[in-house]
Amino acid sequence: MKQEKNFIVKGNICYSEGPEKIRTTEQGFAVCLDGVSQGVFPRIPEEFQNLPVLDFGQNLIIPGLTDLHIHAPQYGFRSLGMDLELLEWLNTRTFPEEEKYADEEYAREGYSIFAEDLKMGATTRVCAFGTIHRRSTEILMDCLEETGLISRVGKVNMDRNSSPGLTEESPRKSLEETLLWLEETEGRYENVSPILTPRFVPSCSDELLKGLGEIGMEKGLPVQSHLSENQGEIRMVKELCPWSAFYGDVYDRFGLFGGENPAIMAHCVWSSEEEMERMKERGVFVAHCAQSNANLASGIAPVRRYMDLGLKVGLGSDVAGGVHTSIFRGMADAIMASKLRWRLVDDSLKPLTVEEAFYLGTRGGGAFFGKVGSLEKGFEFDAVVMDDSILRSPRTLTLAERLERMIYLSESCRVEAKFVAGRRIF
Ligand code: GUN
Ligand code: FE
């Protein structure tokens, strides 16, 4: 039965109008018609008088958060073994764990824990990596479908420089499995859709990337991958693809770098001016993963520069490089990282403000999914109701101050209710 998607939520409502501006309405009314926001009002407009009102009292109501980059099979070992840099960490910690996802039983257990936990947080949209395993990736899609979150999920492609258990037999075999996975899952889900997922250039041959580009063109699929995260990784790409002008040029050569089909590139810590220019031209989304970049000692991405250039930017948890799935935490970490970069690396790039970080975690990343990440009229109605009553203070706080406090102290707050495209999922 189709759930009724016409209602009003009442409470203390905050959303971004742009990177610099958060609009707050105390005891406001957010109107949802057929899953789409009609705007936020101080009183119920005449035309909506007969809609049911869900009153959330003094709770905060904000747009759902978007996680543009997470590895579902890495959820089970998050916060373990964070003492290595990227390439060594992949070889010794990550690949052995991802190999276990050849076992569908293990995958079912791991992915149901991942999906159930994600459901209870403030994220409403997510782009997730699976593993190379087709069947297990379908299990991940099944698990995410059940949560009611809207997601993009990728079967990972890898045919070189990986552990034997995580190396697909040949580019052809990897492409065949991808096509089979796309066929098998087509039309099966309401909330989950596929995204092409070459892991990164070091683990994908030119032939594989070329084939994926062709599949993407033919089927009109988006792409997710990693870009310029670590200096050793960048050197490796230069050796593997000496013909390339820069790292991102490799994806671009094969039609996997935005343009017609949107692409998300995680990290971009060390992108050159040329690479940034190309990202801008192609409308590539940067998934900024500040915590992961610190944990794996990758560096600090110049997010301010990306925003000044007008690149599309959102936030990613990058579990298990990052240990927290919370995009509130992603906002706080992005601010902190930008301050360190400003102080230690480049004092011409001012740190991010709270308003900007909130924007990145809501509208910035949400844009990958369309009109998502705001409660302005016309946006899909993704909203989370946050109970911050546990945070006590003798001060009287404005709504903007409560939002700021919640960004930093979200771990203590509770998600009271969650709506995804107008559907209440709890
Ligand atoms: N680059 C290629 N694979 C990965 C991964 O699993 N995590 C991170 N952080 N970077 C990667
Ligand atoms: Fe990643």
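The values are calculated or read from the model by the stated rules, or taken from the named source; none is laboratory data. What you see is a predicted model, and the numbers here were worked out from it, not measured in a lab. Glycine gets a Cβ as well: all are built from the backbone with ideal geometry, and neighbour counts include every protein chain shown. The area values use the complete protein model at the heavy-atom level, side chains included, leaving out ligands, DNA and RNA. Shrake-Rupley method; radii C 1.70, N 1.55, O 1.52, S 1.80 Å.
Here are a few things to note about the model shown:
- Cα centroid separation - the range 22-43 against the range 104-129, whole Å: 30 Å
- Within straight-line cross-link reach of LYS5, aspartates and glutamates at Cα separation under 13 Å, skipping those fewer than 8 residues along the same chain: ASP34, GLU380, ASP382
- Pairwise label distance in nanometres, GLU176 with GLU146, each label 7 Å out on the Cα-Cβ vector: 3.2 nm
- Charge tally for ARG135 (other residues, Cβ to Cβ under 13 Å; Lys, Arg +1; Asp, Glu -1): -4.
- The loop-placed chymotrypsin sites (Phe, Trp or Tyr not before Pro) in the range 205-248, going by DSSP, that have at most 16 neighbouring Cβ atoms within 10 Å of their Cβ come out as TRP243.
- FRET efficiency for the GLU401 to LYS350 pair, using the beta carbon distance and R₀ = 25 Å, is estimated at 0.70.
- Potential extension, ARG160-LYS371 segment - 0.36 nm per residue separation minus Cα distance: 72.2 nm
- Protein-only accessible surface order, largest first, of HIS324, HIS133, HIS288 at 1.4 Å: HIS324, HIS133, HIS288
- Karplus (6.51, -1.76, 1.60) ³J(HN,Hα), θ = phi - 60°, over the range 192-197, in Hz, Gly and Pro reported as x: 10, 9, x, 9, 5, 9
- Each residue of the range 360-370 is assigned a 3J(HN,Hα), and the resulting list reads 4, x, 10, 5, x, x, x, 4, 4, 9, x Hz, derived from the Karplus form 6.51 cos²θ - 1.76 cosθ + 1.60 (θ = phi - 60°), x at Gly and Pro.
- Close lysine pairs were tallied over the range 271-426: pairs 8 or more places apart or on different chains with Cα atoms under 25 Å apart number 11.
- Based on Cα contacts under 8 Å between residues 6+ apart, the range 324-393 shows a relative contact order of 20 percent.
- Relative contact order, whole percent, for the chain stands at 21, derived from Cα pairs under 8 Å and 6 or more residues apart.
- Degrees separating the helix 134-147 axis from the principal Cα axis of the chain, which is the longest one: 0 degrees
- Between 0 and 90°, nearest 10: helix 273-282 axis offset from the chain longest Cα axis: 70 degrees
- Accessible surface area normalised per residue over the range 49-129 is 41 Å², counting heavy atoms of protein chains with a 1.4 Å rolling probe.
- Cross-link reach is defined here as a Cα-Cα straight distance under 12 Å, omitting same-chain residues fewer than 8 places apart; for LYS238 the aspartates and glutamates meeting it are ASP249.
- Nearest-10 value in Å² for the accessible area of GLU104, using the 1.4 Å probe: 80 Å²
- Unit charges on C-beta of K, R, D, E only; dipole of the range 321-416, Debye: 200 debye
- Just checking the listed ones, GLU46, GLU274, GLU401: in the Gaussian network model of the chain with Cα springs under 10 Å, the one fluctuating most is GLU46.
- Calculated FRET efficiency for the pair GLU239/GLU47, C-beta based, R₀ 51 Å, to 0.05: 0.20
- On Cα atoms only, tilt of 231-240 relative to the major axis of the chain in degrees: 40 degrees
- Over the chain: helical MRE at 222 nm, DSSP H runs n ≥ 4 each giving -39500 (n - 2.57), nearest 500: -10000 deg cm²/dmol
- Where labels lie 7 Å past Cα in the beta-carbon direction, separation of PHE426 and GLU274 in nm: 4.9 nm
- Share of carbon and sulfur in the accessible heavy-atom surface of the chain [1.4 Å probe, %]: 49 percent
- For the pair the range 299-341 / the range 367-414, the C-alpha centres are spaced 18 Å from each other.
- Computed from the C-alpha gyration tensor, the three semi-axes of the ellipsoid equivalent to the chain are 35, 24, 20 Å, from longest to shortest.
- Chymotrypsin sites (Phe, Trp or Tyr not before Pro) restricted to DSSP loop in the range 77-182 with at most 16 other C-beta within 10 Å: none
- If R0 is taken as 51 Å, the Cβ-Cβ distance between LEU33 and GLU85 corresponds to a FRET efficiency of 0.55.
- Per-residue extension of 0.36 nm, minus the Cα-Cα distance of SER393 and MET217, leaves a gain of 57.9 nm for this segment.
- Within the chain, antiparallel bridges make up roughly 45 percent of the DSSP beta bridges whose residues both belong there.
- Per-residue SASA entry for GLU4, accessible area with 1.4 Å probe, Å² rounded to 10: 130 Å²
- Over the range 317-363, accessible surface divided per residue gives 38 Å², non-protein components excluded, 1.4 Å probe.
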